[in-house]
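Single-structure report; data block below.
The values are calculated or read from the model by the stated rules, or taken from the named source; none is laboratory data. Not measured: the values here are computed from a predicted model. Cβ atoms come from the backbone with ideal geometry, glycine included; neighbour counts cover every protein chain shown.
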Amino acid sequence: MTRILLALLSVVAVCGPCAIADDAPASRPALYVNHSGLSKLGWQLACVSSTFQSRSNGEMIDLLHSLNFHHIELSAGQFDPSDLNAADALAAKLKSVHMDIVSIGIIDPGTTEKEARKFFEFGKQLKIKTIVVDPADDSLEMLDKLANEYRINVAIENFAKPGHHWDPTASMSLVAGRSSRVGFCADVAAWRGSGVSPVDAVKLLSGHILVVRPGSFDVGDAVDVLGELKDQKFKGICALGCAPQPESDLMDRFTRTINAFSTIVGSLNGSK
């Protein structure tokens, strides 16, 4: 399966109905979001907003709307959780283009309920599904409580070794006895950089993954991870983006990433 999908990705000049921008060079394929395939799988594709951190949030939303995106993960540093007026304005902007912010992060929620609550209040204003966190382990009981109060999920991010939560075996103990609203954001590249098999990690965390960051699609295990998630009947957020630098080829890299992902999604369920 991996070999077949990688062959497909080598010819991923799949042109969808949406051009990347009015000034896009003719040599650049159109960016294609496979909405039909995503719907069949029950997945949501969210652009990681830090990809376009040089733009204002309004400009970023307009760009993604023009690219036929429906969902965004709003990155830390691009919002102030204490500014609920800004959250209201952001919600109004999203509504005007029929888009939404499904997740925010990666954030440090703090160790007290007062510190954490401001993120949940911000999320409530935007009607988000998930907050992606880098938490202190002893704060999880408090975060679980708030997650259920606000009906917003909490996804623990794994970082590359020796960073936090790199070991999926140890991480499983963090969700023992917790509600289903506390789970994981699976960062494939971070596991790979830690010497951990991403596919084995996803199998170990089965049923607890709320968000996945597939990373680069020129590596076979990214394809295998998505196939394993399909087999697990994962119904969550796929957060994709690119490093914002260098800006000179950002749109080319972003297009290749999204088109590769859309090709995999189509291969997983027979959609185009």
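Yes or no, residue by residue, for (1) in contact with a Phe, Trp or Tyr (Cβ under 6 Å, 6 or more places away or on another chain); (2) surrounded by 14 or more Cβ atoms within 10 Å (Cβ to Cβ); (3) of a type in the set (D, E, K, R); (4) at pLDDT 95 or above:
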residue	(1), (2), (3), (4)
PHE217	no, yes, no, no
ASP221	no, yes, yes, no
LEU226	no, yes, no, yes
PHE234	no, yes, no, yes
CYS238	yes, yes, no, yes
PHE254	no, yes, no, yes
PHE261	no, yes, no, yes
VAL265	no, yes, no, yes
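Candidates in region 34-60 are the residues that are in a helix (DSSP H, G or I) and either of a type in the set (S, T, N, Q) or in contact with a strand residue (DSSP E or B) (Cβ under 7 Å, 6 or more places away or on another chain) (or both); of these, the one that is farthest from SER248 (Cα to Cα) is SER39. Filter region 92-119 for residues that are small (Gly, Ala, Ser) and surrounded by 15 or more Cβ atoms within 10 Å (Cβ to Cβ); which is farthest from HIS70 (Cα to Cα)? Ranking the candidates gives GLY110 first.
Say whether the condition of being out of contact with any helix residue (DSSP H, G or I) (no Cβ under 7 Å at 6 or more places or on another chain), among the hydrophobic types (A, V, I, L, M, F, W, C) and without any contact (Cβ under 8 Å) to a residue 12 or more places away in the chain is met by at least one residue in region 87-98. Taking every residue of region 87-98 in turn, at least one turns out to be out of contact with any helix residue (DSSP H, G or I) (no Cβ under 7 Å at 6 or more places or on another chain), among the hydrophobic types (A, V, I, L, M, F, W, C) and without any contact (Cβ under 8 Å) to a residue 12 or more places away in the chain. Has region 201-210 got any residue that is of a type outside the set (S, T, N, Q), out of contact with any helix residue (DSSP H, G or I) (no Cβ under 8 Å at 6 or more places or on another chain) and at pLDDT 95 or above? Among the residues of region 201-210, at least one is of a type outside the set (S, T, N, Q), out of contact with any helix residue (DSSP H, G or I) (no Cβ under 8 Å at 6 or more places or on another chain) and at pLDDT 95 or above, which makes the answer yes.
Taking every residue in region 208-233 that is on the phi > 0 side of the Ramachandran plot and pairing it with any residue that is surrounded by 21 or more Cβ atoms within 10 Å (Cβ to Cβ) and not in a loop (DSSP other than H, G, I, E, B), at least 6 positions away or on another chain, the pairs with Cβ-Cβ distances below 7 Å are GLY215/VAL188; GLY215/ALA222.
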